[in-house]
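See structure below.
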Amino acid sequence: MDFIDIAKRRCSTRGFTDQAVEPEKLALILEAAHVAPTAGNRQPVHLVVVQSPEGLAKLGKATKLYGAPMAILACADRNEAWTRPQDGKQTCDIDASILTDHMMLQATELGLGSVWIGAFDPVVVREEFCLPEHMEAVNILALGYPKSALASSDRHSQTRIPIERLVSYEQL
């Protein structure tokens, strides 16, 4: 399968079976995160893999996990982040998002479902996972086997804005 097919197949899964994600598949997902680019190659991200019922219950206090048997908490490390000198913008939240995207696409290629969760209580996550002050929970990636069929990969012509509206070209 080529990249565009994987990207078109990926969709948010909001219902998972109880089947655990195999360790070898998790290893590939984490490898995809490991090779993801970050600003200045600073790699200011820490991933917390949550698989135990206790850990999932902790995350469940902060957000809905849709019955996923595992989740990966992507945290940005502000102490390691590259900072744009012109305005002081730190890119660690962007870097964490790039890693999450790589993991999501790798999961799709492996036949797994995922949902990128940005709607969570960061205070609860910080407390439940004892995150140090310099670490920021950026997003949660819930993973597992989908309960129902994934959305059609042909849906994008109906669910996306036209490419002409998405893209513009500079005027010479």
Amide H proximity to Cys11 below 5 Å, modelled H, separation 5+ or other chain, gives Ser114
Could you work out Rg/(2.2 N^0.38 Å) for the chain, with Rg from alpha carbons only? 1.10
Mean-position separation - Cα centroids, the range 24-98 and the range 120-149, in angstrom: 9 Å
Among Ser157, Ile98, Cys11, whose Cα lies farthest out toward the positive end of the dipole of the chain, if unit charges sit on the beta carbon of Lys, Arg (+1) and Asp, Glu (-1)? Ser157
Long-range amide H contacts for Ala142: which residues qualify at under 5 Å (H placed 1.01 Å from N, peptide plane, sequence gap of 5 or more or a different chain)? Ile72, Val115, Ile117
Once phi for every residue in the range 80-90 is put through the Karplus expression 6.51 cos²θ - 1.76 cosθ + 1.60 (θ = phi - 60°), the whole-Hz ³J(HN,Hα) values, with Gly and Pro written as x, are 10, 5, 6, 10, 5, x, 5, 9, x, 5, 8
So with the 1.4 Å probe, I'd like the accessible area per residue for the chain, rounded to whole Å². 58 Å²
May I ask you to compute the full-extension gain from Asp87 to Ser153, defined as 0.36 nm times their residue separation minus their alpha-carbon distance, rounded to one decimal in nm? 19.8 nm
Taking protein heavy atoms only, a 1.4 Å probe, and rounding to whole percent, the accessible area of the chain owed to carbon and sulfur comes out at 53 percent
Total formal charge among the other residues, if their Cβ is under 11 angstrom from that of Ser152, Lys/Arg +1 and Asp/Glu -1: +2
Can you compute 3J(HN,Hα) from phi for each residue in the range 46-51, using the Karplus curve 6.51 cos²θ - 1.76 cosθ + 1.60 with θ = phi - 60°, rounded to whole Hz and x for Gly and Pro? 10, 9, 10, 7, 10, 10
Connecting C-alpha atoms closer than 10 Å in a GNM of the chain, tell me which of Gly111, Gly144, Gly40 has the biggest fluctuation. Gly40
Add +1 for every Lys or Arg and -1 for every Asp or Glu among the other residues with Cβ under 15 Å from the Cβ of Gln90, and state the total. -3
Compute the whole-percent fraction of alpha carbon pairs in the range 1-69 spaced more than 18 Å apart. 58 percent
If the viscosity is 1.002 mPa s and the temperature 20 °C, what Stokes-Einstein diffusion coefficient in µm²/s follows for the range 18-57 when Rh is the Kirkwood radius over Cα pairs? 177 µm²/s
At q = 0.27 Å⁻¹, the log10 of I(q)/I(0) for the range 89-157 from a Debye sum over equal Cα scatterers comes to -1.24
Residues whose modelled amide H sits under 5 Å from the amide H of Val45, counting only those 5 or more places away in sequence or on another chain, are Asp77
What residue among Pro122, Pro44, Pro23 shows peak mean-square fluctuation when the chain is described by a Gaussian network model with Cα springs under 10 Å? Pro23
Under the Karplus relation 6.51 cos²θ - 1.76 cosθ + 1.60, θ = phi - 60°, what is the ordered set of whole-Hz ³J(HN,Hα) values for the range 139-146, x standing for Gly and Pro? 7, 10, 10, 7, 9, x, 8, x
Taking the Cβ of Ala39 as the center, what net charge do the other residues with Cβ under 9 Å away carry, scoring Lys and Arg +1 and Asp and Glu -1? +1
What does the charge dipole of the range 33-143 about its Cα centre add up to, to the nearest 20 debye, if the Cβ of each Lys and Arg holds +1 and the Cβ of each Asp and Glu holds -1? 80 debye
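The values are calculated or read from the model by the stated rules, or taken from the named source; none is laboratory data. A quick note: this is a predicted structure, and the numbers were derived from the prediction, not measured. Quick reminder, even Gly has a Cβ in these numbers, built from the backbone with ideal geometry, and neighbours come from all protein chains shown. Side chains are part of the model used for accessible areas, which takes the heavy atoms of the whole protein and leaves out ligands, DNA and RNA. Shrake-Rupley method; radii C 1.70, N 1.55, O 1.52, S 1.80 Å.
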